[in-house]
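Inspection log for the structure reproduced underneath, given as structure tokens.
The values are calculated or read from the model by the stated rules, or taken from the named source; none is laboratory data. None of these values were measured; they are calculated from a predicted model. Please note: Cβ atoms are built from the backbone with ideal geometry, for glycine as well, and neighbour counts cover all protein chains shown.
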């Protein structure tokens, strides 16, 4: 073979290459498909998503039934009541999937295999984040709409429910789904930074639940200034509500979602930086 390639009289088309020509480098699209396959193939993902969907529906029905006696009060918000479960379970359940999407590979040492298949770390990290966002957004939209309609079905007999065309209803349903997706991305970024699922989830719970509680120890004027920038109950109330919440010191629904998205963006960016620089 070597002699054939070295002969000057042999046409170039007939020369045999010892190594086949390199194909195009693996790109983002194929890596995203691979990551989606990983997510779908893990049983814990399906269990967690089923818990989220069933829990969101169950809480929507239970909350609507419990609030039926108050349905005719002026402050009653049927949309917020139906979406309460989806919001809170996003912070409690979906964050586990977001963190495990990357931290579990460090725990099982499979991250080395992933990097061997896709050595371009930036592409691999972006594909993982995109796969998590796509899966969670799809499930969150289904859960958000299903919870809304389930809650309104329970409230139908009170004639105080809302339709999807009611002012602010569709906005609240969509923003709730986006909020849940931001929860997953926030957890994904923290998981990339900490690289341990338990540590990532514990850190998220501290950020979402403990820090807002500690801020309550501040003077009232300082509390109001800080609360709008912290994830917690006040943020959820703004995102899922269609009526004034009385929380004049926080941003509106789009503003509070932007704040939470900012947390997610910062952690995802920090995770990307460390993912590219640290050893597997």
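Per-residue answers, yes or no, for (1) touching a residue at least 24 places away in the same chain (Cβ under 8 Å); (2) out of contact with any helix residue (DSSP H, G or I) (no Cβ under 6 Å at 6 or more places or on another chain):
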| residue | (1), (2) |
| --- | --- |
| 132 | yes, no |
| 138 | no, yes |
| 188 | yes, no |
| 194 | yes, no |
| 215 | no, no |
| 228 | yes, yes |
| 231 | yes, no |
| 241 | yes, no |
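What's the number of the condition residue 108 fails, among (1) within 17 Å of residue 194 (Cβ to Cβ); (2) surrounded by 24 or more Cβ atoms within 10 Å (Cβ to Cβ)?
It fails just one condition, (2).
Go through (1) out of contact with any helix residue (DSSP H, G or I) (no Cβ under 8 Å at 6 or more places or on another chain); (2) buried (at least 17 other Cβ atoms within 10 Å of the Cβ) for residue 219 and report which single condition fails.
Checking residue 219 against (1) out of contact with any helix residue (DSSP H, G or I) (no Cβ under 8 Å at 6 or more places or on another chain); (2) buried (at least 17 other Cβ atoms within 10 Å of the Cβ), the one that fails is (2).
Would you check if there is a residue in region 67-87 being touching a helix residue (DSSP H, G or I) at 6+ places or on another chain (Cβ under 9 Å) and within 18 Å of residue 185 (Cα to Cα)?
Yes: one or more hits.
Return yes or no: is residue 165 at negative phi, part of a helix (DSSP H, G or I) and at pLDDT 90 or above?
no
Consider residue 126 carefully, then state whether it is over 25 Å from residue 67 (Cβ atoms), free of Cβ contacts under 8 Å to residues at least 24 places away in the same chain and within 15 Å of the chain's Cα centre (by Cα). Walk me through how you get there before you give the answer.
Numbers: over 25 Å from residue 67 (Cβ atoms): yes; free of Cβ contacts under 8 Å to residues at least 24 places away in the same chain: no; within 15 Å of the chain's Cα centre (by Cα): yes.
So residue 126 fails the test.
Matching residues to (1) at pLDDT below 85; (2) under 30 Å from residue 123 (Cα atoms):
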residue	(1), (2)
215	yes, no
224	yes, no
241	no, no
253	no, no
257	no, yes
280	yes, yes
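Are any residues in region 58-67 surrounded by fewer than 17 Cβ atoms within 10 Å (Cβ to Cβ) and more than 26 Å from the chain's Cα centre (by Cα), and if so, which ones?
65, 66, listed by residue number.
As an exercise: evaluate residue 134 against (1) surrounded by fewer than 16 Cβ atoms within 10 Å (Cβ to Cβ); (2) closer than 24 Å to residue 67 by Cα and give the number of the one condition it does not meet.
Single failed check for residue 134: (2).
Among the residues of region 190-200, which ones are part of a helix (DSSP H, G or I) and more than 21 Å from residue 262 (Cβ to Cβ)?
Passing the criteria: 197, 198, 199.
Go over the candidates 175, 170, 230, 155 one by one and state the one that is surrounded by fewer than 19 Cβ atoms within 10 Å (Cβ to Cβ) and farther than 30 Å from residue 279 by Cβ.
Going through 175, 170, 230, 155 in turn, just one is surrounded by fewer than 19 Cβ atoms within 10 Å (Cβ to Cβ) and farther than 30 Å from residue 279 by Cβ: 170.
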